[in-house]
Amino acid sequence: MEIFHLFDKKYIKNNNEAPIAVFDSGVGGISVLRALLSEMPNENYWYYGDSANAPYGTKSLEEVRRLTVSHVDRFIGEGAKAVVVACNTATSAAVRFLRQKYPSVPLIGIEPALKPAVLSGNHPNVVVMATPMTIREEKFHNLMDRYIGMAHIIPLPCPGLMEYIEHGDVRSVELEQFLERLFEPFEKQKLDAVVLGCTHYPFVSRELKKVLGENVMLFEGGPGTARETKRRIAEADLLRKSREPGKILFENSNDSPDKQRLCRKLLGISFS
Ligand code: DGL
């Protein structure tokens, strides 16, 4: 599949050819872009990472909301036909507000994939890895309340983890040691499932399995978000009609060649 061609933004109009904007605080949303591509390979995508302002997860709610809203204003202003907020942190800070602001634009957020993790066993022990902000916010507490009697759910804030992936480190001794320290308080053999509640984390699945063992099930929100995006775009009659493979534009607030290379690398690697 030819996916690395840039398309010219001057052709963007609000129609079926227009791209789906996919937004994250950095390169993490590429795990969601992968799921979107496998669900809808013919769509055009405009991936925007705000790496210059990352991490979002340790900022204030107001700051993350301000940043997210200003980016989404631009995507919609330039004609994106739909917006995927491929960041759990930005979703909890801004999606409700954005849906009120843009009621006619399909706007899809992401949340930790807690439901499949809870349903994966009989009262399983489930750890939810996410940013401090995602875990602090009301949206996550409401989600947890829904499943509280069905599993033992342990929220685990992971400040410092997304930085490894932002720097292109998805496999190293330092990363493995970081994960070891993070899971030190747990009896690892008693853990049944781990929810990757930040879109950066699927990229360290391999290292996580090394630390937690092969039997722990890992759950990510990308595939569910991609299915929901397809449903919402179809409902709005905005699916691209062309049978040609779609194109991807990568844009990043830290526009160094290294970041561009990292985006392509992360999109190409398998992280299971
Ligand atoms: N990728 C983001 C998420 O899904 C968070 C990373 C950050 O802290 O900026 O929550």
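Restricting region 180-200 to residues that are away from the ligand (no atom under 16 Å from the Cβ) and either under 23 Å from the mean Cα position of the chain (by Cα) or on the phi > 0 side of the Ramachandran plot (or both), which is surrounded by the most Cβ atoms within 10 Å (Cβ to Cβ)? That would be ALA193.
Listed by position, the helices (runs of 4 or more DSSP H) inside region 41-134 whose residues that are polar (S, T, N, Q) and crowded, with 20+ Cβ neighbours inside 10 Å number at least 3 are 88-101.
Pick from region 148-164 the residues that are under 21 Å from LEU262 (Cα atoms) and touching a Cys at 6+ places or on another chain (Cβ under 9 Å): which of them is surrounded by the most Cβ atoms within 10 Å (Cβ to Cβ)? My answer is MET162. Taking each residue of region 66-92 that is at positive phi and looking for partners that are among the hydrophobic types (A, V, I, L, M, F, W, C) with beta-carbon atoms closer than 6 Å, six or more apart or interchain, yields GLY79/ILE12; GLY79/ALA18.
If only one of ASP145, ASP169 is at pLDDT 95 or above, surrounded by fewer than 20 Cβ atoms within 10 Å (Cβ to Cβ) and away from the ligand (no atom under 16 Å from the Cβ), which one is it?
Answer to the selection: ASP145.
Can you pull out every residue in region 207-238 that is closer than 20 Å to PHE23 by Cβ, in contact with a helix residue (DSSP H, G or I) (Cβ under 9 Å, 6 or more places away or on another chain) and among the hydrophobic types (A, V, I, L, M, F, W, C)? Once the filter is applied, which keeps residues that are closer than 20 Å to PHE23 by Cβ, in contact with a helix residue (DSSP H, G or I) (Cβ under 9 Å, 6 or more places away or on another chain) and among the hydrophobic types (A, V, I, L, M, F, W, C), region 207-238 yields ALA226, LEU238. For ARG240, the conditions (1) without any contact (Cβ under 8 Å) to a residue 60 or more places away in the chain; (2) open to solvent by 30 Å² or more (accessible area, probe 1.4 Å) are fulfilled apart from (1).
Filter region 31-40 for residues that are assigned to a helix (DSSP H, G or I) and either more than 13 Å from the ligand (Cβ to nearest atom) or basic (Lys, Arg) (or both) and give the result.
If the condition is that a residue be assigned to a helix (DSSP H, G or I) and either more than 13 Å from the ligand (Cβ to nearest atom) or basic (Lys, Arg) (or both), then ARG34, ALA35, LEU36, LEU37, SER38, GLU39 are the ones that fit.
Scanning region 243-263 for residues that are open to solvent by 40 Å² or more (accessible area, probe 1.4 Å), touching a residue at least 24 places away in the same chain (Cβ under 8 Å) and of a type in the set (Lys, Arg) gives ARG243, LYS247. In the set (1) within 27 Å of HIS141 (Cβ to Cβ); (2) touching a strand residue (DSSP E or B) at 6+ places or on another chain (Cβ under 7 Å), ARG181 fails one condition alone, (2).
The values are calculated or read from the model by the stated rules, or taken from the named source; none is laboratory data. Please read all numbers here as calculations on a predicted model, not as lab measurements. No Cβ is skipped: glycine too gets one built from the backbone with ideal geometry, and neighbour counts run over all protein chains shown. The area values use the complete protein model at the heavy-atom level, side chains included, leaving out ligands, DNA and RNA. Shrake-Rupley method; radii C 1.70, N 1.55, O 1.52, S 1.80 Å.
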